[in-house]
């Protein structure tokens with residue numbers, strides 16, 4: 001959801017995951033979710049549990065989603081090239 005929002009707001013966004021390691025629980029991911037999760041981790045929008053797991057099937061509170069979007073906006077200069 002976060003990367004889709006960013007793409008809608010910033011069409012020239014670069015979804016770069018170069019150098020981002022796999023998550024320990026990556027086998028639990030839906031295939032479409034791997035790149036967005038790695039992107040968000042690389043740019044510290046969210047880093048999962050801090051121990052190498054992302055927990056793709058865990059709950060995400062509205063407050064957490066809001067924090068992710070605020071971080072994505074605040075860190076946009078790292079991955080949006082205008």
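Tabulated results
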{"read-out": "Conditions (1) surrounded by 15 or more Cβ atoms within 10 Å (Cβ to Cβ); (2) more than 12 Å from residue 6 (Cα to Cα); (3) in contact (Cβ under 8 Å) with a residue 60 or more places away in the chain; number of the one not met by residue 76", "value": "(2)"}
{"read-out": "Subset tally (residues that are on the phi > 0 side of the Ramachandran plot and crowded, with 17+ Cβ neighbours inside 10 Å) for the stretch 33-65", "value": "1"}
{"read-out": "Verdict on residue 43 being closer than 21 Å to residue 60 by Cα and either under 11 Å from the mean Cα position of the chain (by Cα) or in contact (Cβ under 8 Å) with a residue 24 or more places away in the chain (or both)", "value": "yes"}
{"read-out": "Neighbours by Cβ (under 7 Å, 6+ apart or cross-chain): first from the stretch 1-23, free of Cβ contacts under 8 Å to residues at least 24 places away in the same chain; second surrounded by 10 or more Cβ atoms within 10 Å (Cβ to Cβ) and outside any loop (DSSP other than H, G, I, E, B)", "value": "7/13; 20/38; 20/41; 20/42"}
{"read-out": "Matching residues, the stretch 1-32, being over 21 Å from residue 73 (Cβ atoms) and surrounded by 15 or more Cβ atoms within 10 Å (Cβ to Cβ)", "value": "23, 25, 26, 29"}
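None of the figures in this text is laboratory data; all of them are computed from the coordinates on show. Model, not experiment: these values are computed from the prediction. With ideal geometry, Cβ positions are generated from the backbone for all residues, glycine too; neighbour counts draw on all protein chains shown.
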